[in-house]
Amino acid sequence: ATTGGYIATIRVLETVQQNASAGGYVRNSNGALVHSAAAEAWTLQPVAGEPLQYMIVDGGVAITLNSSTSGTQLTAEAADDSATNQRWMFVPIDQIDDFDSENDVPVIG
């Protein structure tokens with residue numbers, strides 16, 4: 001069981017905008033990310049020793065950012081505290097530019 005985390009739901013904005021009745025919620029289906037009309041609770045699990053970093057987990061899997069030659073996508077993979085592509089930071093929208101500048105994040109586009 002995950003302790004010390006926060007509970008959140010995740011929605012796909014494009015689905016919400018184009019077909020709100022579909023829900024657009026992200027659900028873990030046996031280790032695969034799928035769209036759902038019903039909300040599913042995900043746990044924001046703090047990463048030990050890394051302030052402000054969280055893993056988004058459900059049932060032993062974590063949302064993972066995977067990049068390949070065909071593009072970047074989100075997947076659900078076995079939760080691994082050492083996998084940096086499973087760590088997420090949340091920045092208030094009105095502070096993104098300051099955060100990027102303070103942390104030398106390159107601007108894309």
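The values are calculated or read from the model by the stated rules, or taken from the named source; none is laboratory data. Everything quoted here is computed from the prediction, not taken from an experiment. Note that each Cβ is placed from the backbone with ideal geometry, even for glycine, and that neighbours are counted across all protein chains shown. Side chains included, ligands, DNA and RNA excluded: accessible areas come from the protein's heavy atoms. Shrake-Rupley method; radii C 1.70, N 1.55, O 1.52, S 1.80 Å.
Charges were assigned to the Cβ only: +1 to each Lys and Arg, -1 to each Asp and Glu. The resulting dipole of the stretch 1-84 about its Cα centre is roughly 240 debye. Heavy-atom accessible area for Leu13, with the other protein chains in place and a 1.4 Å probe, reaches approximately 110 Å². Springs between Cα atoms under 10 Å define the GNM used for the chain, and in it the highest mean-square fluctuation of Val47, Val16, Val34 occurs at Val16. Contact order normalised by length for the chain, with contacts defined as Cα pairs under 8 Å and 6 or more residues apart; what percent is it? RCO, the chain: 18 percent. Residues Thr9, Thr69, Thr75, ordered by accessible area of protein heavy atoms at a 1.4 angstrom probe radius and largest first, appear as Thr69, Thr9, Thr75.
The share of alpha-carbon pairs in the stretch 26-79 lying farther apart than 18 Å comes to 37%.
Extension gain, Val105-Val34: 0.36 nm per intervening residue step, less the Cα-Cα distance, totals 22.5 nm. Springs join every pair of Cα atoms under 10 Å in this Gaussian network model of the chain, and among Glu77, Glu14, Glu40 the largest mean-square fluctuation is at Glu14. You can think of it this way: the chain between Ile93 and Gln73 has 5.0 nm of extra reach, that is 0.36 nm per residue less the Cα-Cα gap.
Scaled to the globular estimate 2.2 N^0.38 Å, the Cα spread of the chain, given as radius of gyration, is 1.15.
A 1.4 Å probe run over the protein chains yields, for the chain, 69 Å² of accessible area per residue, whole-number rounding.
The residues Thr64, Thr15, Thr72, sorted by heavy-atom accessible surface at 1.4 Å with ligands and nucleic acids left out, run Thr72, Thr15, Thr64 from largest to smallest.
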